[in-house]
Amino acid sequence: SGIWRNFYLSGALELRQGVEQLPNALAPKEALLRGVSLADFIDAMAVRLDGEAAAESNIELGIHFTDLDSHWLLSVSNGVLHGLPNRKSEDPDVSLTLTSNDFKFLLSGLVGAPTMISEGRLKMSGNPLTLIRFAGLFDQFDSNFNIVTP
């Protein structure tokens, strides 16, 4: 099939020329993030969660999205991220108020929380270290991976 042929040709090229280190073409771009629905973005976050690192974590984030006028509860427990729309927690570890796009930019690393707070785009209550710990639970995938060579 064409797919297997491409795998073999890519592997042969790697053996002859090595792996060419390219800039991270898969880095999330602002326009791409704007086009992704909030539910899909949170589902992608759940896939990227490092289960082993999050195994002992119990974190609840209460988020109010001002542009959607909706509340979400994100909870990490037993190494799993649950994104629950239209839910609130009585006592979340951190509460965030921001737009859905700003949330995507924040968790993708395009904009830092201090910048968003200083610009008035993010309101936060609770322990800010918990937000930092939450953001550190996600894997960063490398798009420059080897196909054949170790």
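Expressed to the nearest 5 percent, the antiparallel share of DSSP beta bridges inside region 56-150 is 75 percent.
Using the rule -39500 (n - 2.57) for each DSSP H run of four or more residues, divided by the residues of the chain, the 222 nm mean residue ellipticity is -11000 deg cm²/dmol. Measuring how big region 1-77 is from its alpha-carbon positions, Rg and Dmax come out at 19.5, 55 Å.
These residues, D102, D91, D50, D67, go from largest to smallest accessible area, 1.4 Å probe, as D91, D67, D50, D102. First select every other residue whose beta carbon is under 9 angstrom from the beta carbon of L73; then total the charges, Lys and Arg +1, Asp and Glu -1. Around L73, the charge tally is +1. Heavy-atom accessible area with a 1.4 Å probe sorts E20, E119, E90, E60, largest first, into E90, E20, E119, E60.
Taking θ as phi - 60° and the Karplus parameters 6.51, -1.76 and 1.60, the scalar couplings of region 93-101 work out to 5, 9, 10, 10, 10, 6, 7, 5, 5 Hz in sequence order, x denoting glycine and proline.
Basic side chains Lys and Arg get +1 at the Cβ, acidic Asp and Glu get -1 at the Cβ, and with that the dipole of region 74-150 about its Cα centre reaches some 160 debye. Accessible area per residue was computed with a 1.4 Å probe on protein heavy atoms; I147 scores about 90 Å².
Hydrodynamic estimate: the Kirkwood radius of region 59-136 over Cα pairs, inserted into Stokes-Einstein at 10 °C and 1.306 mPa s, corresponds to D of 126 µm²/s. Between 0 and 90 degrees, the angle of helix 2-17 with respect to the longest Cα principal axis of the chain falls at about 80 degrees. When Rg and the Kirkwood radius Rh are both evaluated on Cα atoms of region 98-146, their ratio Rg/Rh stands at 1.06.
The figure for T115 is an accessible area of roughly 60 square angstrom, using a 1.4 Å probe on the protein chains alone. The residues packed around V94, meaning those with a beta-carbon under 10 Å from its beta-carbon, carry a net charge of -1 if Lys and Arg are +1 and Asp and Glu are -1.
How large is log10 I(q)/I(0) at q = 0.11, 0.25 Å⁻¹ when the Debye formula is applied to the Cα atoms of region 40-103, each weighted equally and without solvent? Per q value, in the given order, log10 I(q)/I(0) is -0.24, -1.10.
Return one number: the angle in degrees, 0 to 90 and rounded to the nearest 10, between the long axis of the Cα atoms of helix 38-48 and the longest principal axis of the Cα atoms of the chain. Tilt of helix 38-48: around 60 degrees. Leaving out same-chain residues fewer than 8 places away, which aspartates and glutamates sit with a Cα under 18 Å from that of K88? Cross-link targets: E60, D67, D69. Each DSSP beta bridge with both residues in region 2-101 is either parallel or antiparallel, and the antiparallel ones are about 70%.
Can you tell me what percent of all Cα-Cα pairs in the chain are more than 29 Å apart? Every Cα pair in the chain considered, those over 29 Å come to 30 percent.
Multiplying the residue separation of N146 and V47 by 0.36 nm and removing their Cα-Cα distance gives an extension gain of 33.5 nm. Using a Förster distance of 35 Å, how high is the FRET efficiency between Y8 and N58, based on the Cβ-Cβ distance and rounded to 0.05? Rounded to the nearest 0.05, the efficiency is 0.15. Counting only protein chain heavy atoms and rolling a 1.4 Å probe, the accessible areas of M45, M124 rank, largest first, as M124, M45. Scalar couplings 3J(HN,Hα) for region 72-89, obtained by applying the Karplus form with A = 6.51, B = -1.76, C = 1.60 to θ = phi - 60°, are 10, 10, 9, 10, 10, 8, 6, x, 10, 9, 10, x, 10, x, 6, 10, 10, 9 Hz; x denotes Gly and Pro.
The values are calculated or read from the model by the stated rules, or taken from the named source; none is laboratory data. Just so it is clear, the structure is predicted and the values come from calculations on it, not from any experiment. Don't worry about glycine lacking a Cβ; one is built from the backbone with ideal geometry, like all the others, and counts go over all protein chains shown. Side chains included, ligands, DNA and RNA excluded: accessible areas come from the protein's heavy atoms. Shrake-Rupley method; radii C 1.70, N 1.55, O 1.52, S 1.80 Å.
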